[in-house]
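Colleague: Have a look at the structure that comes next, please.
The values are calculated or read from the model by the stated rules, or taken from the named source; none is laboratory data. Computed from a prediction, not measured in an experiment: that's the story for all the values here. Using ideal geometry, Cβ is built from the backbone for each residue, glycine included, and neighbour counts are taken over all protein chains shown.
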Amino acid sequence: MTKLPRAILFDLDDTLIRAYAQPEEAWTRLLKVFAAHLDAHEPAAIERVRAAVMEEARAFWSDPLAAAKWRLDIPGARRHSVRRGLAKLGRSDDALADRIADAFTELRRQEYRLYPDAHATVDALRDAGVRLALVTNGASETQRAKIERFELAHRFHHIQIEGEFGQGKPELAVYRHALERLAVDPGEAWMVGDNYEWEVVAPQALGMCGIWYDPFGAGIPANATAQPTRIIKRLAELVE
């Protein structure tokens, strides 16, 4: 077994549960449902809408200040992106855009899935004496619903949600507070998650180990400014 630290901080979305991964496929599938409303009857037309929506979403989330605000209202942020995407294609129809955005939000919610080895891995770490925290961005109601749905609350010594704490990753205060609650120093802890900035760059700035979860083999981002302490493709690798 890998030598374990005193504590591990886990991300939630797309680390313990599959929530927002592979958006291209999900958007293509959802937009086909609205093909008639969009006058997009050919695959190429669907692809143009998908590309426009996702391009606007990337631009929307590229502003750190706006992102910190809208992480607490993902459905609302999605409406903005779809409205802008359709407008870019000459279809300024806010009512239709909101229907599409809300349908995508519901599609994602219905398709949340716990990664198969999540419970077993977390339980094995806790049984081994590792102090565990769940540190997630997002609104309290949304994230608490996921935590309850997937029976995660009792598995962690500390749960920290952006909408409750008042700050989100990658603010260093987020990691410091979780470490304090677990009563460990940064050098005694790992951060595990799928977001390169939040789970590698920021934690390493504090002296933590940044374990990057890359289940789809995306590879280190081309613009990466730090190397992960370790890369895993399955959560179970943490206890093997």
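Colleague: Report, by residue number, each residue of the range 202-217 that is in contact with a strand residue (DSSP E or B) (Cβ under 9 Å, 6 or more places away or on another chain), over 16 Å from THR136 (Cα atoms) and assigned to a helix (DSSP H, G or I).
Modeller: Selection gives GLN204 alone.
Colleague: Starting from residues that are without any contact (Cβ under 8 Å) to a residue 24 or more places away in the chain and not basic (Lys, Arg), keep the ones in the range 134-151 and report whichever is farthest from PHE165 (Cα to Cα).
Modeller: Looking at residues that are without any contact (Cβ under 8 Å) to a residue 24 or more places away in the chain and not basic (Lys, Arg), I get GLU148.
Colleague: If I filter the range 169-177 for residues that are crowded, with 18+ Cβ neighbours inside 10 Å, within 18 Å of ALA19 (Cβ to Cβ) and either at pLDDT 95 or above or touching a Ser or Thr at 6+ places or on another chain (Cβ under 6 Å) (or both), do I get at least one hit?
Modeller: Yes, the range 169-177 has at least one match.
Colleague: Which residue is nearest to GLU24 (Cα to Cα), if the candidates are limited to the range 106-148 and must be surrounded by fewer than 16 Cβ atoms within 10 Å (Cβ to Cβ) and among the hydroxyl-bearing types (Ser, Thr, Tyr)?
Modeller: TYR112
Colleague: For the range 188-218, give me the residue count where each residue is of a type in the set (A, V, I, L, M), under 23 Å from LEU125 (Cα atoms) and surrounded by fewer than 19 Cβ atoms within 10 Å (Cβ to Cβ).
Modeller: Number of matching residues: 1.
Colleague: Evaluate the following for THR121: is it assigned to a helix (DSSP H, G or I), polar (S, T, N, Q) and under 30 Å from HIS157 (Cα atoms)? Give the derivation first.
Modeller: Values: assigned to a helix (DSSP H, G or I): yes; polar (S, T, N, Q): yes; under 30 Å from HIS157 (Cα atoms): yes.
So THR121 passes the test.
Yes/no per residue for (1) part of a loop (DSSP other than H, G, I, E, B); (2) charged (D, E, K, R); (3) in contact with a Leu (Cβ under 6 Å, 6 or more places away or on another chain); (4) surrounded by 15 or more Cβ atoms within 10 Å (Cβ to Cβ):
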| residue | (1), (2), (3), (4) |
| --- | --- |
| THR15 | yes, no, no, yes |
| ARG29 | no, yes, no, no |
| ALA45 | no, no, no, yes |
| ALA59 | no, no, no, no |
| LEU72 | yes, no, no, yes |
| GLY76 | no, no, no, no |
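Colleague: If a residue has to be more than 19 Å from GLY210 (Cα to Cα), assigned to a loop (DSSP other than H, G, I, E, B) and β-branched (Val, Ile, Thr) to count, how many in the range 144-198 make the cut?
Modeller: Counting residues in the range 144-198 that are more than 19 Å from GLY210 (Cα to Cα), assigned to a loop (DSSP other than H, G, I, E, B) and β-branched (Val, Ile, Thr) gives 0.
Colleague: Might you check whether a residue that is part of a loop (DSSP other than H, G, I, E, B), closer than 19 Å to ARG18 by Cα and at pLDDT 95 or above occurs anywhere in the range 218-239?
Modeller: Yes, the range 218-239 contains at least one residue that is part of a loop (DSSP other than H, G, I, E, B), closer than 19 Å to ARG18 by Cα and at pLDDT 95 or above.
Colleague: Something else now. Go through (1) surrounded by 15 or more Cβ atoms within 10 Å (Cβ to Cβ); (2) among the charged types (D, E, K, R); (3) closer than 29 Å to GLY163 by Cβ one by one and return the number of the condition ARG50 breaks.
Modeller: Only one criterion is unmet by ARG50, namely (3).
Colleague: When residues of the range 219-238 are filtered for being surrounded by 15 or more Cβ atoms within 10 Å (Cβ to Cβ) and hydrophobic (A, V, I, L, M, F, W, C), how many remain?
Modeller: Final tally of qualifying residues: 6.
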